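Worksheet: one structure, shown below.
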Amino acid sequence: MAMMSLTELDDDTVRSMSIGAVFSEFGGKINSIDFHRKDDLLVTASEDDSVRLYDIASAKLLKTTFHKKHGADRICFTHHPSSVICSSTYNLTPNGESLRYLSMYDNRCLRYFKGHKERVVSLCMSPINDSFMSGSLDHSVRIWDLRVNACQGILHLRGRPTVAYDQQGLVFAVAMEGGAIKLFDSRSYDKGPFDTFLVGGDTAEVCDIKFSNDGKSMLLTTTSNNIYVLDAYGGEKRCGFSLEPSPNTKIEATFTPDGQYVVSGSGDGTLHAWNINMRNEVSCWNSHIAQNQLSSNLVPWTLKVQLHLKMYLNNESWFPLLFIFTRNSRCVA
């Protein structure tokens, strides 16, 4: 199967996307997912304490490991394709092993990271070195180095923090309560933020933040199901999109690789795509999983979404694949 990179999308291409495969081996809802930056790999952390590694070029499950002692909550790849950082679900004490550096190759824990007193809700790896960040419900952001156990730096903040590196690894953003986003130089974060933005009119907690690939925009998703695209340099709001409220569930949104579209899950199980420049919705997909197939404790439910866009040659025609994860533990690809 040949493949080529897809660098720019248009509305027709986005509308043409469809479901390609379904994975249903999970024993609990999927807590988080991550794509490897270079290789065609996807990793998931699930409520059943499992970590699963997928080859997304062939849509095949490569490896499953279980972590009954610590659980599996937030997860992200390191630079190595078979190594991940995973946050713990259980034993969250000041001396607990809240973060683990795991080898998927031989199912081994390479290092423990202690310090967070409550659950880690945001986790990201630097794109340029062995540093990574974690944000916790203990109102702190910690900076770590894969090579050592000790925390390299700590930021004490208000409320639930959400963290993200830009694509060059030179800047990181921290979002917190009240719609405040602080930007730090990753080489001198101890000097404090060099800029602070406020998302006016929305004081809900930010549950997710991302930079576009070109570093020019930031994407914020709030607990009130509002999605904002901000200018990454000045903080001005470029556009915003809203979804129906979904109590007790958090949606997640992402940029497409070209930065021209936003794709998001929703509380009713549908997937939405918006054109940023035109500020309009261009497509809405149904997960094809009926509400009556869900047990009552899974309603309302939401989609955890990431968009992996490559072009695959199949029967001499090119088409993009869309990977979707649902709260009822089915992986749609």
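Points worth noting:
- Members of the range 259-292 found to be part of a loop (DSSP other than H, G, I, E, B) and modelled with pLDDT of 75 or more, listed by number: Gly259, Gln260, Gly265, Ser266, Gly267, Asp268, Ile276, Asn277, Met278, Arg279
- Selection count, the range 160-182, where residues are touching an Asp or Glu at 6+ places or on another chain (Cβ under 8 Å) and either open to solvent by 10 Å² or more (accessible area, probe 1.4 Å) or closer than 14 Å to Met133 by Cα (or both): 9
- Residue match in the range 19-28 (condition: over 20 Å from Lys210 (Cα atoms), modelled with pLDDT of 80 or more and either open to solvent by less than 20 Å² (accessible area, probe 1.4 Å) or out of contact with any Pro (no Cβ under 9 Å at 6 or more places or on another chain) (or both)): no
- Yes/no for Leu110 being surrounded by fewer than 20 Cβ atoms within 10 Å (Cβ to Cβ) and in contact with a Phe, Trp or Tyr (Cβ under 6 Å, 6 or more places away or on another chain): yes
- Residue within the range 191-206 that is out of contact with any helix residue (DSSP H, G or I) (no Cβ under 7 Å at 6 or more places or on another chain), among the acidic types (Asp, Glu) and under 20 Å from Ser131 (Cα atoms) present: no
- Counting only residues that are part of a strand (DSSP E or B), open to solvent by less than 40 Å² (accessible area, probe 1.4 Å) and farther than 22 Å from Cys207 by Cα, the range 62-78 holds 1 of them.
- Residues of the range 29-61 classified as open to solvent by 30 Å² or more (accessible area, probe 1.4 Å), touching a residue at least 24 places away in the same chain (Cβ under 8 Å) and in a strand (DSSP E or B), total: 3
- Filter result (buried (at least 21 other Cβ atoms within 10 Å of the Cβ) and either among the polar types (S, T, N, Q) or touching a residue at least 60 places away in the same chain (Cβ under 8 Å) (or both)) within the range 132-159: Ser134, Ser136
- Cβ pairs under 9 Å, 6+ apart, first in the range 173-195 and over 17 Å from Ser217 (Cβ atoms), second open to solvent by less than 40 Å² (accessible area, probe 1.4 Å) and basic (Lys, Arg): Met176/Arg160; Glu177/Arg160
- Being over 20 Å from Phe35 (Cβ atoms), in contact (Cβ under 8 Å) with a residue 40 or more places away in the chain and polar (S, T, N, Q) is a property that Thr89 has.
- Exactly one residue among Tyr112, Tyr105 is assigned to a strand (DSSP E or B) and in contact with a strand residue (DSSP E or B) (Cβ under 9 Å, 6 or more places away or on another chain), and that residue is Tyr112.
Conditions tested, residue by residue: (1) over 25 Å from Ala164 (Cβ atoms); (2) among the β-branched types (Val, Ile, Thr); (3) open to solvent by less than 70 Å² (accessible area, probe 1.4 Å).
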residue	(1), (2), (3)
Cys86	no, no, yes
Tyr101	no, no, yes
Tyr105	yes, no, no
Arg119	no, no, no
Ser122	no, no, yes
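- Residue in the range 219-234 that is open to solvent by 40 Å² or more (accessible area, probe 1.4 Å), at negative phi, in contact with a strand residue (DSSP E or B) (Cβ under 6 Å, 6 or more places away or on another chain) and of a type in the set (Gly, Ala, Ser) present: no
The values are calculated or read from the model by the stated rules, or taken from the named source; none is laboratory data. Bear in mind the structure is a predicted one, so any value in this text is a computation, not a measurement. Don't worry about glycine lacking a Cβ; one is built from the backbone with ideal geometry, like all the others, and counts go over all protein chains shown. Accessible surface is based on the protein model in full, side chains and every heavy atom, while ligands, DNA and RNA are left aside. Shrake-Rupley method; radii C 1.70, N 1.55, O 1.52, S 1.80 Å.
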